[in-house]
Amino acid sequence: MQELAEISGEKINDCYQCGKCTAACPVNPFMDILPHQVLRLLQLGQVEQVLQSKTIWVCATCFTCAGRCPRDVDLSVVMEALRAILLRQRGGSRLKGEDMPCLIRKGMPEQGIVSGFRKYTK
Amino acid sequence: MKEIMQKMRAEAARVLSSGEVDLVLGWEKGDLWWQSYPVFIENEKKAELLTWDLFCVPNLAKYLLEEIWHKKRVALFFKGCDALGFNQLMQDKRVDREKAFIFAVPCSGLVDPQKVERAGLHQGLLRVERLGDELTFVYKDREKKTAAPWFYYDKCLTCRYPNPVVFDFMLGEPVPVNPRERFTAVKELEGQNVDARFQYWQRQFSRCIRCFACRNVCPACSCRECIFDLTSPRWLGKATELSENQFYHITRAFHMAGRCVDCGECARVCPVQIPLTSLNRKLIKDIDELYGPYDAGVDPQKVPPLVTFNPGDPAAFLESKGV
Amino acid sequence: MSVAAKTQDFEPLIVAFCCNWCSYAGADLAGTGRMSYPANIRVIRVPCSSRVSPNFILRAFQRGADGVVVAGCHPGDCHYVSGNYHARRRFSMLRRFLEFVGIEAERLEVHWISASEGSRFAQVMQDITDKIRVLGPNRKLRDSR
Amino acid sequence: MRRIGVFICWCGTNIAATVDIETVIKEAREMPGVVYAGDNKYMCSETGQTQIKGTIVQQKLDRVVIASCSPRMHELTFRKTAAAAGLNPYLVEIANVREHCSWVHKDKDAATVKAVALIRTAVAKAALDTGLEPQEFVVTRRALVIGGGIAGIQAALDIAEAGYAVDLVERTPSIGGRMAQLDKTFPTLDCSACILTPKMVDAAAHPNINLLTYSEVEEVEGYVGNFEVTIRQKARSVDAAKCTGCGLCFEKCPSKVKSEFDEGLALRKAIYVPFPQAVPNIPVIDRDHCRWFSKKKCGVCKKVCPASAVDFEQSDVLIKQKYGAIVVATGFDLIGFEIFGEFGYGKHPDIITSMEFERLVNASGPGGGKLLKPSNQQPPKNVVFVHCVGSRDKSRGKPYCSKICCMYTAKHAVLLKEKHPEAQAYVFYIDVRTAGKDFEEFHRRAVEEYAAVYLRGLVGKVFPSGDKLLVNGVDTLSNQAVEIEADLVVLAAALTPRHDAEGLARMLGIGSDAHNFFVEAHPKLRPVESHTAGLFLAGTCQGPRDIPETVAQAGAAAAKAIALLNKETLLSDPCVSAVDESLCTGCLACLKVCPYKAISDKPLTEKVHGRQRRRLVAEVNKALCQGCGACSAACRPGAMNLLGFSNEQLLAEVDAICL
Amino acid sequence: MRYSYYPGCTLKTQAGASLERPALQAARALGIDLVEQEEWQCCGAVFPLATDEIAPFLAAVRSLATARDRGEKLVTLCAACHHVLKRTNHLLQVGSETRDKTNNYLQLEQPYTGEGQVIHYLELLRDELGFDRVAQKVTHPLAGRRIAPYYGCLLLRPAKIMAFDNAEDPRVMEDLLLSLGAEPVDYPYRTECCGVYLSVNNEEIAGSMVRKIVHAALKQGAEAMVNACPLCHYNLLNLQEKTPGGEPLLPVYYFTELLVTALGLPEEVGDKTR
């Protein structure tokens, strides 16, 4: 938890579970635990359960939640911190070099490839 | 300057003889070349004593504090700086305009005896005369001509009101006004770092013997009893110790903030030559910057800046670097 | 004679002139809120920030204060309508003048603290204590006798 | 030599916990002038006070210093105790060793050292205290109430009932305020107008109440018991005596304007009465939109008026009046919506505020209370209510809870079901706060009988899509994202003070907090008084609250005002400035800085060396002086001295505190 | 009017070239002198949110510093580059431990504290030039074409820092379309995210988001879509449902393509890659 606060610099206890981030999130149908639940679990210290979830990889870092949170908690930064913990310490690159050729389709802009790699690999 | 002196004597005699005034305040020539002292003349025969030369620098206005209240009327002569001082006394309601009959003497600058000594021209000097802006030093056997501004007081070189702003009778033609920049010394000090400035002022203040000459000559210092003479509350000790001197000079300067007419008399009379003008001018510069230009003594009806306010004033104490 | 020696156990003495209606009440609120700030701060109650004249500040420095704070109501909220406006002009001039005669301007701070800003009062007092602790003792104005 | 007694309070453990009382007593005994130093567990208790009284008499004390809590708490108590023991109350000084010392420092040694320093300062000041006698001045037996809402009306009625004259000033053409705009009120569903109009009529009819509608306070001077207020009564352009209230004029008036009373949902004429039950029922010409005043054309109202009551030449009237007490009841506004773009307010007519919903559901409102969709006048099927729009929002809105939205939203859900049985209400909430009599029960009725669906979670975004509104929300209880296709979205907006509240606070000289609500003297113990004596607060101008609390507060404010007006005279604070005429030079710098114009110049004739001498000195009007001390700071020779905070005392305090 | 131009890697490859060429062409036609920086590097496509690393945005700082030295505003065309450069600029303006670390690592002659200014091509048209001047130059107005602008997230959010337009209800592309004679279409989800890099390994998620957006636009009668971010452009074009003939239901244009057609400039065959 302390490490999470260090990387993200966010005050997780500020959140009072109003659920606005989940309501605003465009990808919430594809998440196993919803954004406000991520914060709730972190508040209760259950970091492991969050690190196992699909949610942090589905998050598209589109900053909608951060813009509307009434408590100024930047959930996108928390998500990035969670991914950072996994990528840095646990070496769990989600995207391997070798399976790249089949993923890259004709005409996909470099922006997509680079951001994809930045988010999913060490 | 001669014709003005004649006019002075004639007018003094006239007003005394007509009984309009009980007393005439003017200057009288002393024994040495640089001595021109204030003189109190009560009957017209003594009017001949009056003089007007390059050394009539003492400000006559402050003598009115005591003299005026039991006399019918007093006549006196004002240069530009004296008139400003008189206005400041009026703003403090210490003098009564009706009781003062003011002769105005436009002044294009007076000679600083110390500058003459520093130039070594004072040996055997009898008198100094001026023609246009050229000085003639008269000795027993020879004469020497120089450019006048070289020997004027610094305060005269930066004088912004040589033509008196308040008078009943004008004795001469108004003189041209082209003052030099008066904040150079202040800006130069402001440029140094804080410790260097402390060193500078510590040297100045440690010389102060608290003779209070600066307070006694200042037209803006017109309290009946000065707080530094009071025993209860005892604001200031008697020891001429650095922290007491600092307390005196900062408080005195602060009492002048927004009221000092920049006549330079305090710096002139200081026996140990403390540059008090820099202190006063720093406050004048800050007031001009923060609250808009304000020249004390020009208009006694105008409200001085430190007893009024404007809701939109800047909070200069929030600046990280004050100066 | 610049203030070089910064002893570790130097504990600055800071005198705070607080106006009764706003900053003194803010200090009280900091108390009721059990907030904490250094014990170096000692408060003198005055009816209004306009009651504080430069002489009291110079006297405090003379008697050994290392820092002085004058705290009043926010401009426009003064209980006496225009008190803090006069104070604002007076201390704007004083701070610049102290700086001019070689005293570190950081030793004199002026803040507007309302009765409902307890935490801000504590924060201001903490900040000035830290700053003066770094700046070191006031040797320039102190009466050495 | 002074005989000073120092009394140190333990305050239970509040002080004793972090201040070593024994050391403090020992140190106090050494202080100059101190002849007695004692302590007590609770100095402000009966036993504590008896100990003080006893010691004063027994030790023949002539000064008392109490080391306890803040003087703002018990200065008065200890002054009364000293007076009871025959000592002038103004010879008591308080050292604040609790709020300023024991409560804010954890290290006991440092706290003890500081406590000793604070006591030494108080002793130094007490030694220079002089006995002061308060002055008496007459109280004007008339009250002013600012704001004609339910709070103002109730306060005015109570004060008038007590037999005092009251001026009730209301900015809009009619009293009634926000409550007049409401349809029903929770929790009893009484019709708002039915319970309000009787009080409005009483206020109009009451002999002691003088209604000043369409008027605003322009200037307030003076102090408690002697306020001088300038009120601008704007010209109504209609002669109140002749007008019968027939309404012909506003029927015929050609120019239409958005009605503020109907929150812009309906139109009113340039000459108008805000709502049918308006009191006084006299129309007003809105000169900005009247064609006569802009282009000197039309004048229809003047022609059709049977009582020829319309008078274009009427001009504003400036009323100057003296008052003893003022009650401020200026009410609230709703928060602005520009910063909450995600709700799309202003982009689609069917996204409305809670106040607009009140008007739509009200019989005298636009559409006659049928509650139809503003876009196509169809009955709404799905209605979404959103809580906490701008409330409890630290980032863009207001951090506080607006208290009444939970309850009136439940009421709205009920009203919706009554008007359109087949409609379905969805309420997005974080917490339902029902802290009042019958509040929870009323909320449960909305859920159980009126089938309102409560979804726990705020709305992410409202997407206008054709004539429907896609509401992206969430239900954090079932952990599902929710999208509702709504016909109407009602935003329960945060309560804020009136837009010009800060200006009024400055004019009255009372404090306003960071959100511009007026600040009460003490949140728990003095909720209806402001810091300025004689100025009382009632209603939402001081913070969000519902109607029952507002009425209760209005009654309390009235009671305080009545207590003040009951007094023939009031005792003034004796800590005023005094002039030492021997030092005063008459420069009158003090006169220029005095905010209360309490200083004037006085000619003085004295004999000096046998001669008469006339000079000017300053003179203080003790009744006007409020004791701010600006004059003594501006007085260079120190002739002007503020009693209680004199130059000598402050200097002694500075010396003592630096030891 | 001279500006430093920061193209970013995406626009330099053959996929992006079709977006950049019309932009440069239109700029010349409108009298804007876009001078490409000689030594720009890839901006990193995503702004590093973890507060403890500075490596990712060093490239951005170098470009910002060179633009500042030349005293010119830095113009970006791709939404990701704009997002990263703007936030880096803000981070260095705000001043923090990160700024000091960056500056002492880069050792620039003059440390960079965010004095430079980053503007997007659209802001250039709106603020510097003005849409009225653009309208004057239009020779082939897109009369009667109902086009739905799509914004996505990188340009708009976080609102306070990007300050590009009203984050919840932007108008800039609507105004551009009006100045080009087209008819903008209002529809829900125009500021919702298109799935960005999810399309790399979570295609079905990105696809469903794109379909929701396209479906909403069609429902409001849009005939085409226009956007300002290469990745959204790709996602919208490739992940929406196709007609039986393989054509996208709703054609998607990059705003520079529409600009060029409206200004009546010939389809230029520039050099494909740098």
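The values are calculated or read from the model by the stated rules, or taken from the named source; none is laboratory data. Computed from a prediction, not measured in an experiment: that's the story for all the values here. We place every Cβ from the backbone using ideal geometry, glycine too, and count neighbours over all the protein chains shown.
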Failed item in (1) of a type in the set (D, E, K, R); (2) under 14 Å from the mean Cα position of the chain (by Cα); (3) part of a strand (DSSP E or B), with D:R506 passing the rest: (3)
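Quick check: anything in the range D:182-202 part of a helix (DSSP H, G or I), in contact with an Asp or Glu (Cβ under 7 Å, 6 or more places away or on another chain) and in contact (Cβ under 8 Å) with a residue 12 or more places away in the chain? Working first, answer last.
First, pick out the residues of the range D:182-202 that are part of a helix (DSSP H, G or I): D:192-202.
From the residues that got through so far, the ones that are in contact with an Asp or Glu (Cβ under 7 Å, 6 or more places away or on another chain) too are D:192.
Going one step further and asking which of them are in contact (Cβ under 8 Å) with a residue 12 or more places away in the chain, we end up with D:192.
Scanning the range D:182-202, I find at least one residue that is part of a helix (DSSP H, G or I), in contact with an Asp or Glu (Cβ under 7 Å, 6 or more places away or on another chain) and in contact (Cβ under 8 Å) with a residue 12 or more places away in the chain, so the answer is yes.
Any chance the range D:381-397 includes a residue that's part of a helix (DSSP H, G or I), away from chain E (no Cβ under 14 Å) and surrounded by 24 or more Cβ atoms within 10 Å (Cβ to Cβ)? Outline the logic, then answer.
At the first step, the residues of the range D:381-397 found to be part of a helix (DSSP H, G or I) are none.
Checking the range D:381-397: not a single residue is part of a helix (DSSP H, G or I), away from chain E (no Cβ under 14 Å) and surrounded by 24 or more Cβ atoms within 10 Å (Cβ to Cβ).
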When residues of the range D:326-354 are limited to those that are part of a helix (DSSP H, G or I) and touching a strand residue (DSSP E or B) at 6+ places or on another chain (Cβ under 6 Å), the one modelled with the highest pLDDT: D:S354
Residue ID - farthest from the other protein chains (Cβ to nearest Cβ), chosen from residues in the range D:452-493 that are assigned to a loop (DSSP other than H, G, I, E, B) and buried (at least 20 other Cβ atoms within 10 Å of the Cβ): D:A452
Candidate set from the range E:211-262 (those that are of a type in the set (S, T, Y) and in contact (Cβ under 8 Å) with a residue 40 or more places away in the chain); member that is farthest from E:L11 (Cα to Cα): E:T261
Of all residues making up the range B:279-322, the number that are under 28 Å from B:F198 (Cα atoms), at the interface with chain C (Cβ under 9 Å from one of its Cβ atoms) and touching a residue at least 40 places away in the same chain (Cβ under 8 Å): 3
Pairs, first within 11 Å of another protein chain (Cβ to nearest Cβ) in the range D:569-591, second part of a loop (DSSP other than H, G, I, E, B) and of a type in the set (S, T, N, Q), C-beta under 7 Å, six or more apart: D:T585/B:S222
Selection count where residues are in a loop (DSSP other than H, G, I, E, B), more than 13 Å from the chain's Cα centre (by Cα) and closer than 15 Å to E:V226 by Cβ, scope the range E:142-164: 2
Checking B:I287 against (1) within 26 Å of C:R145 (Cβ to Cβ); (2) assigned to a helix (DSSP H, G or I), the condition it does not meet: (1)
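Regarding D:I339, is this residue among the hydrophobic types (A, V, I, L, M, F, W, C), in contact (Cβ under 8 Å) with a residue 40 or more places away in the chain and surrounded by fewer than 17 Cβ atoms within 10 Å (Cβ to Cβ)?
Working: among the hydrophobic types (A, V, I, L, M, F, W, C): yes; in contact (Cβ under 8 Å) with a residue 40 or more places away in the chain: yes; surrounded by fewer than 17 Cβ atoms within 10 Å (Cβ to Cβ): yes.
Spelling it out, D:I339 is indeed among the hydrophobic types (A, V, I, L, M, F, W, C), in contact (Cβ under 8 Å) with a residue 40 or more places away in the chain and surrounded by fewer than 17 Cβ atoms within 10 Å (Cβ to Cβ).
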Checklist (1) under 25 Å from the mean Cα position of the chain (by Cα); (2) within 14 Å of chain C (Cβ to nearest Cβ); (3) not in a loop (DSSP other than H, G, I, E, B) applied to B:P149, failing item: (2)
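Inside the range B:202-215, can you point out the residues that are in contact (Cβ under 8 Å) with a residue 12 or more places away in the chain and not in a loop (DSSP other than H, G, I, E, B)? Let's see the steps before the verdict.
Applying the first criterion (in contact (Cβ under 8 Å) with a residue 12 or more places away in the chain) to the range B:202-215 yields B:202, B:204-215.
Matches in the range B:202-215: B:Q202, B:Q204, B:F205, B:S206, B:A213, B:C214, B:R215.
Scan the range D:184-198 and give yes if some residue there is within 30 Å of D:L415 (Cβ to Cβ) and of a type in the set (D, E, K, R), otherwise no. Talk me through it step by step, then tell me what you get.
Just the residues of the range D:184-198 that are within 30 Å of D:L415 (Cβ to Cβ), to begin with: D:184-198.
The next check asks that each one be of a type in the set (D, E, K, R); those that pass are D:184, D:190.
Yes - at least one qualifying residue is present in the range D:184-198.
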Breaking point among (1) part of a loop (DSSP other than H, G, I, E, B); (2) closer than 29 Å to B:Y139 by Cβ, for B:N59: (2)
Filtered residue count, the range D:355-380, keeping only those that are modelled with pLDDT under 90 and assigned to a helix (DSSP H, G or I): 4
Evaluation of C:C78 against (1) outside any helix (DSSP H, G or I); (2) modelled with pLDDT of 90 or more (one fails), failing number: (2)
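Each row is one residue, and each column tells you yes or no for (1) more than 24 Å from C:Q126 (Cβ to Cβ); (2) at the interface with chain D (Cβ under 7 Å from one of its Cβ atoms); (3) of a type in the set (D, E); (4) over 16 Å from the mean Cα position of the chain (by Cα).
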| site | (1), (2), (3), (4) |
| --- | --- |
| C:T32 | no, yes, no, yes |
| C:I44 | no, yes, no, no |
| C:S49 | no, no, no, no |
| C:P54 | yes, no, no, no |
| C:A65 | no, yes, no, no |
| C:Y80 | yes, yes, no, yes |
| C:R90 | yes, no, no, no |
| C:M93 | yes, no, no, no |
Cross-chain or 6+ apart pairs with Cβ under 8 Å, the range A:53-66 first and at pLDDT 85 or above, then aromatic (F, W, Y): A:K54/A:F30; A:W57/A:Y120; A:V58/A:F30; A:A60/E:Y197
Of the criteria (1) in contact (Cβ under 8 Å) with a residue 24 or more places away in the chain; (2) of a type in the set (K, R); (3) over 19 Å from B:E319 (Cα atoms), which one C:K131 fails: (3)
Residue in the range D:229-240 that is more than 25 Å from the chain's Cα centre (by Cα), of a type outside the set (V, I, T), buried (at least 22 other Cβ atoms within 10 Å of the Cβ) and at positive phi present: yes
Residue in the range B:219-230 that is over 25 Å from the mean Cα position of the chain (by Cα), within 14 Å of another protein chain (Cβ to nearest Cβ) and modelled with pLDDT under 90 present: yes
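Okay, residues lined up against (1) out of contact with any helix residue (DSSP H, G or I) (no Cβ under 8 Å at 6 or more places or on another chain); (2) over 22 Å from C:T32 (Cβ atoms); (3) within 14 Å of chain C (Cβ to nearest Cβ):
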| site | (1), (2), (3) |
| --- | --- |
| D:P523 | yes, no, yes |
| D:E529 | no, no, yes |
| D:G534 | no, yes, yes |
| D:A538 | no, yes, no |
| D:V551 | no, yes, no |
| D:A554 | no, yes, no |
Strands (runs of 3 or more DSSP E) completely within the range D:578-659 that count 2 or more residues being of a type in the set (D, E, K, R) and out of contact with any Ser or Thr (no Cβ under 6 Å at 6 or more places or on another chain): D:599-608, D:611-620
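B:R197 - would you say it is within 14 Å of another protein chain (Cβ to nearest Cβ), among the charged types (D, E, K, R) and crowded, with 19+ Cβ neighbours inside 10 Å?
Yes: the conditions hold for B:R197.
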Criterion (among the acidic types (D, E), within 14 Å of another protein chain (Cβ to nearest Cβ) and without any contact (Cβ under 8 Å) to a residue 60 or more places away in the chain) met by exactly one of D:E99, D:E161, D:E170: D:E99
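Within the range B:101-139, track down each residue that is of a type in the set (D, E, K, R) and under 20 Å from the mean Cα position of the chain (by Cα). Show your work before the answer.
Start the filter on the range B:101-139 by keeping residues that are of a type in the set (D, E, K, R), which leaves B:112, B:115, B:117-118, B:127, B:129-130, B:133-134.
Answer for the range B:101-139, where residues must be of a type in the set (D, E, K, R) and under 20 Å from the mean Cα position of the chain (by Cα): B:D112, B:K115.
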Residues being outside any helix (DSSP H, G or I), of a type in the set (V, I, T) and within 11 Å of chain D (Cβ to nearest Cβ) - total across the range A:15-64: 2
